[in-house]
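Colleague: First the structure, which I've put down as structure tokens, then a few questions once you've had a look.
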Amino acid sequence: QQFTAVVPAAGVGSRMAADRPKQYLAIAGKTILEHTVDRLFSHPAIERIIIAISKGDPYFASLPLASDPRIQVVEGGTERADSVCAGLAAISDENSWVLVHDAARPCVRLADLERLVTAALQSEDGAILAAPVRDTMKRGCRLHANKQQSNYRHNSGLQGITETVDRDNLWHALTPQMFRVKQLRESLQQALKEGAVITDEASALEYCGYTPLLVKGRADNLKVTQPEDLALAGFYLEQLIK
Ligand code: CTP
Ligand code: MG
């Protein structure tokens with residue numbers, strides 16, 4: 001059985017604040033997007049990748065990826081979910097499986113891809129890679145002005161702790177996330193139409209009442225988001241390439 005991957009790569013990387021979108025920054029010898037594509041193709045059942053890039057993207061065409069026959073490009077949208085929907089629109093087989101994976105996660109390992117695929121294929125509602133939360137979790141609240149608080153505390157934007165959140169069942173959602181094309185497409189469409197907050201694919205399915213599985217993945221499958229993440233991703237990639 002063969003699968004398609006959709007890779008949203010149409011973001012601008014505002015938190016990275018580099019001279020170009022972060023997926024086109026080079027680490028460990030090539031761009032983040034190229035590492036990400038290599039990682040996905042390391043799985044023998046992923047035969048095709050649809051990459052959503054932004055309109056007028058001047059970077060993609062110069063990559064060797066642009067002439068890879070296994071890769072198709074679509075135009076992404078304003079939000080990540082729009083880019084994912086654009087990718088899904090290029091898949092004709094409604095009953096096939098799709099893996100959605102952030103362009104900005106170049107460190108995903110083959111063993112995690114394999115466990116995700118195995119779990120998803122046995123599931124009703126798909127599956128996602130996720131990492132158990134490690135730190136003690138606090139809920140914060142803005143401090144209100146009162147006579148006991150100094151002006152410093154009030155004005156600095158500091159928050160106070162209201163409670164410790166039980167981390168037993170808390171996970172970081174990672175990607176890839178793997179679903180039946182039809183189920184994902186319909187869930188995203190309904191969630192977007194009804195204005196639900198959709199930050200990953202699973203959240204659209206949850207909104208529609210489905211229960212995707214959590215598959216424990218490695219925490220080093222990080223999403224390169226801020227400048228300090230580049231060195232870490234570079235380190236992990238050097239280990240993977242060795
Ligand atoms: N993405 C996308 N289309 C969008 C927004 C994001 O395809 N309209 C992609 C990004 O390219 C990235 C992935 O979704 O691979 C995860 O998003 P994020 O880490 O938030 O990337 P950016 O949106 O580019 O970064 P920022 O939020 O800091 O601007
Ligand atoms: Mg973003």
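Colleague: Determine if the range 81-88 includes at least one residue that is of a type in the set (V, I, T), within 19 Å of the chain's Cα centre (by Cα) and within 16 Å of ligand 2 (Cβ to nearest atom). Please lay out each step first, then the result.
Modeller: Of the range 81-88, the ones of a type in the set (V, I, T) are 84.
Okay, now just the ones that are also within 19 Å of the chain's Cα centre (by Cα), so 84.
With within 16 Å of ligand 2 (Cβ to nearest atom) added as a condition, the list becomes 84.
Yes - at least one qualifying residue is present in the range 81-88.
Colleague: Which of the residues that make up the range 218-242 are away from ligand 1 (no atom under 16 Å from the Cβ) and within 19 Å of W171 (Cα to Cα)?
Modeller: R218, A219, D220
Colleague: Determine if the range 50-69 includes at least one residue that is closer than 11 Å to A9 by Cβ, of a type in the set (V, I, T) and in contact with a helix residue (DSSP H, G or I) (Cβ under 7 Å, 6 or more places away or on another chain).
Modeller: yes
Colleague: Before we move on, is V224 of a type in the set (A, V, I, L, M, F, W, C) and loosely packed, with under 15 Cβ neighbours inside 10 Å? Before the answer, list the steps.
Modeller: Details: of a type in the set (A, V, I, L, M, F, W, C): yes; loosely packed, with under 15 Cβ neighbours inside 10 Å: no.
For V224, the condition - of a type in the set (A, V, I, L, M, F, W, C) and loosely packed, with under 15 Cβ neighbours inside 10 Å - is not met.
Colleague: Related question: Please go through the range 30-48 and pick out each residue that is out of contact with any Phe, Trp or Tyr (no Cβ under 9 Å at 6 or more places or on another chain) and either assigned to a helix (DSSP H, G or I) or touching a residue at least 24 places away in the same chain (Cβ under 8 Å) (or both). Walk me through it before giving the result.
Modeller: First pass over the range 30-48, keeping only residues out of contact with any Phe, Trp or Tyr (no Cβ under 9 Å at 6 or more places or on another chain): 30, 34-42, 44.
Selection gives E34, H35, T36, V37, D38, R39, L40, F41, S42.
Colleague: From the residues in the range 1-16 that are assigned to a loop (DSSP other than H, G, I, E, B) and away from ligand 2 (no atom under 16 Å from the Cβ), which one is nearest to K55 (Cα to Cα)?
Modeller: Q2
Colleague: For G209, indicate whether it is at positive phi and in the same structural domain as V98 (by TED's automatic domain parsing). Lay out the reasoning, then the answer.
Modeller: Values: at positive phi: yes; in the same structural domain as V98 (by TED's automatic domain parsing): yes.
Judged against the criteria, G209 is a match.
Colleague: Out of the range 63-108, which residues are away from ligand 1 (no atom under 14 Å from the Cβ), in contact with an Asp or Glu (Cβ under 8 Å, 6 or more places away or on another chain) and not in a helix (DSSP H, G or I)?
Modeller: Those that are away from ligand 1 (no atom under 14 Å from the Cβ), in contact with an Asp or Glu (Cβ under 8 Å, 6 or more places away or on another chain) and not in a helix (DSSP H, G or I): L63, R70.
Colleague: If you take the residues of the range 102-130 that are small (G, A, S) and closer than 20 Å to A9 by Cβ, which of them is nearest to ligand 2 (Cβ to nearest atom)? Give the steps one after another, and end with the answer.
Modeller: Applying the first criterion (small (G, A, S)) to the range 102-130 yields 103-104, 111, 119-120, 123, 126-127, 130.
With the extra rule that they be closer than 20 Å to A9 by Cβ, the set shrinks to 103-104.
On the way: A103: 11, A104: 9 Å.
Restricting to residues being small (G, A, S) and closer than 20 Å to A9 by Cβ, the top hit is A104.
Colleague: Testing E47 on (1) under 19 Å from the mean Cα position of the chain (by Cα); (2) under 12 Å from V6 (Cα atoms), one condition comes back false. Which one is that?
Modeller: The single condition E47 does not satisfy is (1).
The values are calculated or read from the model by the stated rules, or taken from the named source; none is laboratory data. Quick caveat, the model's predicted, so the values are computed rather than measured. For neighbour counting, all protein chains shown are included, and Cβ atoms are generated from backbone atoms with ideal geometry for every residue, glycine included.
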